[in-house]
Amino acid sequence: MQQIVETIKNLDTHMLVVIALAGSAVGLMVWTLLGIVFARREEPENLDSIERKRVQQLRENYITFRLFEPLVREWEPFNSALMADSQQDMIALELNVARASTPWRPTEYYAVKQAESCLLGLFIFALLAVFLPVVIAALVAMIVSAIMLALAIMAIPQSASNRRRQFKRRLPHAVDIMALLLEAGANFNSAIKVVAQEDRGNALGDEFARVKQQLDLNRSQSEALNTLKERVRDEDTSDLIRAICKGIELGTPMTTILQTQADQIRLKRSQWGEKAAKEAEVKMTGPNLLIMLACIIVIMGPILLPILYGGGLGFE
């Protein structure tokens, strides 16, 4: 104890103030976090069964939402005021694809990422305030927090685009499986279920599992497939779904439709590959010329240099 007292006496005033502020910040952070974590969760009375199930799924799949749900609910109106309805619809569509396993609303997702960024900023401030001036520590913490929040928001469209490409790559294989199952005597809903199980954990499996869930809720096949088309927003998928819906309407055998569409998707993919190869050949012309020129210089250099130096051209 005496050694601690002596150490405190040897510290200058500036260091004592910094330690006191850092300790106060950490204490406030811990007190706030404990208040939020142990706050009573009261379910609004006007929630229907689907909304209750969605919120429960968020609590199970995302620990930050489970711990800081009261704070998320407080920040939701603020985020809603900052975003127009059209922007919310666009972000909701991207989130629906990028975070297929978690049914986020845009305002909820933004609030959760804001809470995570604030926690990171408080942690960095408490860490740096011991070694740096308080103003600099606070500035660094705010910059890092803002960068992390911006990166989390910017990652949504990129993640959705990656999952759409993943879906498109596996689509022909899934269509072939469905055609074989239908040819073997299975119905359309069973074929959707088998494909969802076969590609579980993949973008295609997740999307087909959603279609199966909607079919289980007694939605028509056309409605369930059209929601898939709205999420994926791919030309090949749109053509496939239009053909299936038309076949359901006219009574065309589904096996023939699926086999035809799978062949067309593969044909388009091969045509796209040939086109990309031709474009790459044109784009490589310039670099190839530079490489060829460099090779000529390397080969002809040992021959030309003695001639130039020996010819009295001023290269002495």
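Each reported figure results from applying straightforward, stated rules to the coordinates on display, with no laboratory input. Source: prediction; values computed, not measured. Quick reminder, even Gly has a Cβ in these numbers, built from the backbone with ideal geometry, and neighbours come from all protein chains shown.
Taking 7 Å steps out from each Cα toward its Cβ at E51 and I153 produces label points 2.6 nm apart.
A convex hull fitted around the alpha carbon atoms of region 79-120 yields 66 Å³ per residue.
The distance between label points at L120 and V298 comes to 4.4 nm (points 7 Å beyond Cα on the Cα→Cβ vector).
Counting pairs of Cα atoms in region 48-188, how many percent are more than 20 Å apart? The proportion of pairs with Cα distances above 20 Å equals 61 percent. Neighbour counting of Cβ atoms within 10 Å sorts the residues D206, D199, D239, D85, fewest neighbours leading, into D85, D239, D206, D199. For region 123-220, compute Rh as the Kirkwood radius over C-alpha pairs and then the Stokes-Einstein diffusion coefficient at 10 °C and 1.306 mPa s; write the answer in µm²/s, rounded to an integer. Rounded to a whole number, D works out at 93 µm²/s. Modelled spin-label separation between E198 and I143, with each label point placed 7 Å from Cα along the Cα-to-Cβ direction: 5.3 nm.
Hey, what's the Kirkwood Rh for region 164-274 if you take every pair of different alpha carbons, in angstrom? It is 13.9 Å.
On the principal axes of its alpha carbon atoms, region 221-288 extends 55, 25, 11 Å, with the longest extent given first. Please give me, ordered by residue number, the trypsin sites (Lys or Arg not before Pro) of region 199-254 that lie in loop per DSSP and have at most 13 other Cβ atoms within 10 Å. Counting only loop positions with at most 13 other Cβ atoms within 10 Å, the trypsin sites (Lys or Arg not before Pro) in region 199-254 are R200, R233.
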